[in-house]
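A.B. asks: One structure, pasted below without further comment.
The values are calculated or read from the model by the stated rules, or taken from the named source; none is laboratory data. The shown structure was predicted, so the numbers you read here are calculated from the model rather than taken from an experiment. Here Cβ is always computed from backbone atoms with ideal geometry, including for glycine, and neighbour counts include all displayed protein chains.
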């Protein structure tokens, strides 16, 4: 049985990781609701066991360390997180709590503003001139991003004020402007955050970001209402929805009204910020943990949408588990386009009774992975059949055998796993393939070295390869100082792989090297490829239903998306190289026998790099049959039938020079 200390340690480790993903890398892997739930559990454990409270707990700090690629600056006044309320009941409970701290709250006025979905930033002005711009970071220390922020046109480079003035606000991207860049970023918030973290200000200047102010630190400002008035005078953008409510009841009534209006805003929001207007009272109320008492974020329920389930495909994850995935008609939820969602396991399909053809309600809180909330049985087609999980496994994976795990007491439900496989074996195979000559061709990462790295716990997924350090690798029996350094350098050298090789390296079922080239040539961008729908995939020559379903299942698998996110955070950026105009463009090759000068895979890669196609069998589209030895009767007959030219090794080598 898990002890409170063990559970506390697990929660602290997980929450700190989530906080780093959200605040440092701007790539959250879970929703705010999931984080809040786990955070609440941790607070309860610490309240019941005070001796377990330690400095590493997220209850004792705001978020995580800032990135190191920019200079650091310590905030004079902490940039603090805001307590969330998800209903009127929770909001009134907050009001009652702070009223007990200070009775003046009951007669206080409240300032209300839109909760913007962007990157928090503080602007420092010294004698009226913009001296620096600093991100929130961990609340205590942020990143200096002055050169980038200076390119934002809504940021005044000078203001009519003397001494030190600090203006805080949100760097955002409007939905309209985001459309131009939707193929590169998941949503406007990630776009804004990713842009500000560019090292080249010229790139930032090309992207239409905005700065909306919400706080001001300067002498003589007594209320938030006054602060906003001063911000406008100084030339800063403030939200027109920001206003004063005479009572807290009035603030909540406005919140109810605003819920229906928020979709008309030019930028994304998930709620309102309600704070005590009197700044002295606000300060007197103090701070509890990481949250100031005098302000609350009133959040609305997760956005929902309906769409039709066109198919249910099954993905085989990195542990060998078979995960069902619902494929939808594309639908926009919380600002992003959703095409598929995990159904988790056989029990979840049965619980929801999801069927092909059903109209499903999809929800997505913030940036998290979309989920199926329920199906609208009233709209179910008459011929919709219950999903037969075992039958689907046999149809989609006829060559594999599956066994059902006996975990009936687990909340995970019934899980089918590939028989005879285990997670370590699958991981080793995946890493070997990722590093193979067919894929990324990482020198020094052969089978035995992969086994050593996995067995030592240094590699738990392919992304961990880019975290390896020479000192850690050198400790393994198979390595010395030089070989360890060479391996780490060889891996780092593959951070900008060719797009087709990267697609190949992922090991997507039924996607070989030639199909990867076809996909790369069509999409020319990994994000576009990862977000493609079934119809777009089927429009590509060589991609049939089985391949398309396999691709959709891969990108809908949560384990895969986490690894891809990790690769992106570690700086792995696939690059498209157009080989369609190469000297062998439009020519197809089939090889029989073996060559003396090179292996079959190397020959295939040379052909593909020059724009040609490498085939397994002779067909009417085959240009050359390369004879690396004796030609079999069937291939000779096929070549004669289709008019395919037969060439020897020397002639082939001349062609691929």
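A.B. asks: Considering the range 551-560 alone, what residues qualify as being farther than 15 Å from residue 537 by Cα and in contact with a helix residue (DSSP H, G or I) (Cβ under 7 Å, 6 or more places away or on another chain)?
C.D. replies: 560
A.B. asks: Could you pull out the residue among 463, 484 that is closer than 22 Å to residue 574 by Cα, modelled with pLDDT of 90 or more and not assigned by TED's automatic domain parsing to the domain that holds residue 604?
C.D. replies: Only one candidate passes the filter, namely 463.
A.B. asks: If residue 472 passes every condition in (1) buried (at least 18 other Cβ atoms within 10 Å of the Cβ); (2) under 25 Å from residue 426 (Cα atoms) but one, which one does it miss?
C.D. replies: Exception for residue 472: condition (1).
A.B. asks: Just checking: which of the strands (runs of 3 or more DSSP E) contained wholly in the range 178-289 hold 3 or more residues that are in the same structural domain as residue 532 (by TED's automatic domain parsing) and either under 23 Å from residue 125 (Cβ atoms) or under 25 Å from the mean Cα position of the chain (by Cα) (or both)?
C.D. replies: Hits in the range 178-289: none.
A.B. asks: Assess whether residue 548 counts as being touching a helix residue (DSSP H, G or I) at 6+ places or on another chain (Cβ under 6 Å), farther than 24 Å from residue 321 by Cβ and in a helix (DSSP H, G or I).
C.D. replies: Taking the combined requirement at face value, the residue does not satisfy it.
A.B. asks: When both residues are 6+ apart or on different chains and their Cβ atoms are under 6 Å apart, which pairs have a first residue that lies in the range 434-456 and is without any contact (Cβ under 8 Å) to a residue 40 or more places away in the chain, and a second that is part of a helix (DSSP H, G or I)?
C.D. replies: Sorted first by the residue in the range 434-456, then by its partner, the pairs are 447/432; 450/428; 450/431; 450/432; 451/428; 454/427; 454/428.
A.B. asks: Name the single residue, out of those in the range 439-451 being under 27 Å from the mean Cα position of the chain (by Cα) and part of a loop (DSSP other than H, G, I, E, B), that is nearest to residue 488 (Cα to Cα).
C.D. replies: 442
A.B. asks: Turning to a different aspect of this structure: Is at least one residue of the range 110-117 assigned by TED's automatic domain parsing to the domain that holds residue 261, out of contact with any strand residue (DSSP E or B) (no Cβ under 8 Å at 6 or more places or on another chain), in a loop (DSSP other than H, G, I, E, B) and within 17 Å of residue 79 (Cβ to Cβ)?
C.D. replies: So far as the range 110-117 goes, no, none of its residues is assigned by TED's automatic domain parsing to the domain that holds residue 261, out of contact with any strand residue (DSSP E or B) (no Cβ under 8 Å at 6 or more places or on another chain), in a loop (DSSP other than H, G, I, E, B) and within 17 Å of residue 79 (Cβ to Cβ).
A.B. asks: Here's something else I'd like to know. Taking the range 43-80 as the search range and keeping residues that are buried (at least 19 other Cβ atoms within 10 Å of the Cβ) and in contact with a strand residue (DSSP E or B) (Cβ under 8 Å, 6 or more places away or on another chain), which one is modelled with the lowest pLDDT?
C.D. replies: For the range 43-80, the residue satisfying everything is 66.
A.B. asks: Kindly provide the set of residues from the range 527-545 that are touching a residue at least 60 places away in the same chain (Cβ under 8 Å) and part of a helix (DSSP H, G or I), ordered by number.
C.D. replies: 527, 528, 534
A.B. asks: In the range 635-645, which residue that is farther than 18 Å from residue 604 by Cβ and buried (at least 17 other Cβ atoms within 10 Å of the Cβ) is modelled with the lowest pLDDT?
C.D. replies: 636
A.B. asks: Ok, one more. Tell me, please, whether a residue that is touching a residue at least 12 places away in the same chain (Cβ under 8 Å), surrounded by 15 or more Cβ atoms within 10 Å (Cβ to Cβ), out of contact with any strand residue (DSSP E or B) (no Cβ under 8 Å at 6 or more places or on another chain) and outside any loop (DSSP other than H, G, I, E, B) can be found in the range 571-582.
C.D. replies: No, because not a single residue in the range 571-582 is touching a residue at least 12 places away in the same chain (Cβ under 8 Å), surrounded by 15 or more Cβ atoms within 10 Å (Cβ to Cβ), out of contact with any strand residue (DSSP E or B) (no Cβ under 8 Å at 6 or more places or on another chain) and outside any loop (DSSP other than H, G, I, E, B).
A.B. asks: Please tell me if residue 162 is part of a loop (DSSP other than H, G, I, E, B) and either in contact with a helix residue (DSSP H, G or I) (Cβ under 8 Å, 6 or more places away or on another chain) or modelled with pLDDT of 90 or more (or both).
C.D. replies: yes
A.B. asks: For the range 131-151, name all the residues that are touching a helix residue (DSSP H, G or I) at 6+ places or on another chain (Cβ under 8 Å), farther than 20 Å from residue 173 by Cα and part of a strand (DSSP E or B).
C.D. replies: 131, 132, listed by residue number.
A.B. asks: Further, regarding this structure: Could you name every one of the helices (runs of 4 or more DSSP H) located completely within the range 341-438 that has at least 3 residues being modelled with pLDDT under 90, within 30 Å of residue 466 (Cβ to Cβ) and assigned by TED's automatic domain parsing to the domain that holds residue 491?
C.D. replies: 423-435
A.B. asks: Inspect all residues belonging to the range 293-303 and state whether any of them is under 22 Å from the mean Cα position of the chain (by Cα), assigned to a strand (DSSP E or B) and farther than 19 Å from residue 99 by Cα.
C.D. replies: Looking for residues that are under 22 Å from the mean Cα position of the chain (by Cα), assigned to a strand (DSSP E or B) and farther than 19 Å from residue 99 by Cα, one finds at least one in the range 293-303, hence yes.
A.B. asks: Taking the range 596-628 as the region of interest, how many residues are loosely packed, with under 13 Cβ neighbours inside 10 Å and either more than 48 Å from the chain's Cα centre (by Cα) or in a strand (DSSP E or B) (or both)?
C.D. replies: Residues in the range 596-628 being loosely packed, with under 13 Cβ neighbours inside 10 Å and either more than 48 Å from the chain's Cα centre (by Cα) or in a strand (DSSP E or B) (or both): 0 in total.
A.B. asks: Among (1) surrounded by 14 or more Cβ atoms within 10 Å (Cβ to Cβ); (2) farther than 30 Å from residue 526 by Cβ; (3) touching a strand residue (DSSP E or B) at 6+ places or on another chain (Cβ under 9 Å), there is one condition residue 588 misses while meeting the rest; what is its number?
C.D. replies: All conditions pass for residue 588, except number (2).
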